[in-house]
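Asker: Shown below is the structure under consideration.
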Amino acid sequence: MRRSARSLCLRLVVLCASTALLGAPALGVSISIEYGDSETEGFFAPDSGAARRAALEYAVARWQTALGGTTPITLHVAFDPLGGDGASALLASTAPVTVHRNFPHAPLADTLYSAALANQLAEDDLNGPDLAEIDIIFNADVDGLVTLGSVGWYYGTDGEPGSDIDFVTIAMHEIGHGLGFSNQIAAALGRFAFNVPGIFDIHTARPRVGRLAELLPAERRVAWLSNQLIWDGPYVFAANNGAAELYAPDPFINGSSVSHWDASLHELMAPFYLGPNHAPGLLLPALIDMGWQLPQGTAAPPSAPPTATPTPKPTATPSGIVERPRQIVFVSNFDDDTVSVLDHLAAERIGLIAVGDGPIGIAADTSAGRILVANFRDGSLSVIDAESRAVTHVIETGGSPNAIALVPAKAYVSDTAGNRVLVIDSDKAELISSITVGRQPAGVTASVDGSRVFVAHFGEPNVDVIDTETDLVRAQIAFEASSARGLQSIAFAPDGQEGYITAFHSRIVLFLNPLTLIGGGNLGVTLDSFDFPEAILVGPGSRFVYTAVHVPETGAGKIRIIDLDDQNATPATIPVGFTPEAMALTPDGSIIYVANTGSNSVTQIGTATNRRGASFSVGSTPMGVAAIALPPACAGDCDGSRLTTIDEILTGIGIALGDRPLAVCRAFDRDGNGHVAINDIVAAIRAALDGCARVK
């Protein structure tokens, strides 16, 4: 949201983090700070670094005295250029580094808690010693003359910033989000981002309708735009002498809607900067409603609010404990000939697979549970079983296989050097034909119905269209040569009605109609003169187009987000790693993974909020990324046979110990008699507890 310089939008962006220690009051929670800036930037800038650190530490000290807790909290903080113009800017971005559910002592089952709160409730560091609990980025551009003009940051602690932005207020606000005052919603779809509500969402209700966690998706979509949301918790009700309103405007404003108090309350957690405010206000009883304690302990509220009438959830008694489908992410690492494997739910790397020379393009065949990897330098494809993470076949193709498009039972692979598209029988794992196409075929993308494959040519301004039934080129879509130099990546909207293609050297995004086979003009946005577009992706709701761009001279990367509902708006920008070259959407549509070739990392982008999420280190030069949904794990008597397998026992342990959907350790039949001894079971369980099953 963009407003005047006097009322600036405070937005959340999910970030990853990983700690200078502040002394905590004896009865308060301990909070330490890890400064993520270099020695001469941000919090260590020669002219303002000391003042910035002093202001942040003042804000942290106020939070330390406000809350009780036994598990230390780490903040990871930095100043980054987040942009803006003379009238508006994003001031800061914050989120919990991880969220947790079903941990020991969790007050509510199947409910997400921010890492800082989950750690207090579990009395344990659930996200591990190497990760911070809260990550905050402040906008360094606010101190410049372009962003907000003469308005800048005020680093004093007296609450008298004049016409500037009070840094202490923003720091306290952002820490409040990290402590748990943030939602888990995917607004456009009416669902929660991880398919389960957060503790914040549990306490959000629409009067006379119900708590949002109990409503149907369509009812939630209406509630989020109703201007009628309230906080449904007893401590806030008592402190406010009635229900406190949440910010729920129509239209929905990413990063502001729902996760703030209504601006009329003039609270610290207002959706806009309303002036200096160093008091937690209603945020403190809201945190207590969610499970936080005061330093001296928390008394029962004097009265309880009248709750909205919820719909009771039906109970089920399955024979096994069944988790939702697992989402696994595979990343091809071009320069070390490997594929990294990430567990999306657990937010960690779980494997590394050796493949051919120069893996680049990668695609997930969900229906068959396999991953295909194009090995550019040795002319082959590696086929990986997604469940076992083993290479099952190597298909010799010759040439320089690059990008991969999948249709039922077949894969189409661009051979960039050979000016052809290779056709692979996916089930038999063999090369069945090749199709001559234009110069330097780069991106290949299947239509939504699988009847056509579209081939973008880096070396000429057109797109070949292949009929997947006959494997013949049936048409060619021509573009204006001046605006279509370096065609590279194609993406179609989920409904199959529109397509978009990046022109690398022309630095624009073009229309592509997959139904009429007509190539159109500029999507409406000419990228910055130094932004070279690589990958493109359409979000799950068909409203946003995401383009990965970078500056060749420096490699600085970002995601440009084009709002198709308002193409005259300046595209939102999310900074990512260096040279982002590939993107993939998780099967549930909640997260985009961006492969940062120059940073050896991948970065998450949340599609519900268009916020940056966690970043993960992978192998050397990641150039491709794909995500797949695997069947849900089950523990117990899963087949109704009244027998339980070793795998089911270990899976149950993994689920119980921390939301890991599948244990990977196995008990062995060491004597080969077809039976598993008790000692084998004990050994396998011990291995699982020691970390072999990747549980914490």
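Asker: Taking Arg220 as meeting all but one of (1) under 23 Å from the mean Cα position of the chain (by Cα); (2) assigned to a loop (DSSP other than H, G, I, E, B), write down the number of the exception.
Answerer: (2)
Asker: Can I ask one more? With the checklist (1) under 30 Å from Trp292 (Cα atoms); (2) over 25 Å from the mean Cα position of the chain (by Cα); (3) of a type in the set (A, V, I, L, M) in hand, flag the one item Val142 doesn't pass.
Answerer: (1)
Asker: Let me ask something additional. Looking at Val423, Val448, Val463, which one is β-branched (Val, Ile, Thr) and crowded, with 24+ Cβ neighbours inside 10 Å?
Answerer: Val463
Asker: For segment 230-239, indicate whether the set of residues that are over 24 Å from the mean Cα position of the chain (by Cα), among the acidic types (Asp, Glu) and closer than 22 Å to Arg612 by Cβ is non-empty.
Answerer: No, the conditions are met nowhere in segment 230-239.
Asker: For the subset of segment 283-307 comprising residues that are crowded, with 20+ Cβ neighbours inside 10 Å and part of a loop (DSSP other than H, G, I, E, B), which member is modelled with the highest pLDDT?
Answerer: Trp292
The values are calculated or read from the model by the stated rules, or taken from the named source; none is laboratory data. Just so it is clear, the model here is predicted, and its values are computed rather than measured. Don't worry about glycine lacking a Cβ; one is built from the backbone with ideal geometry, like all the others, and counts go over all protein chains shown.
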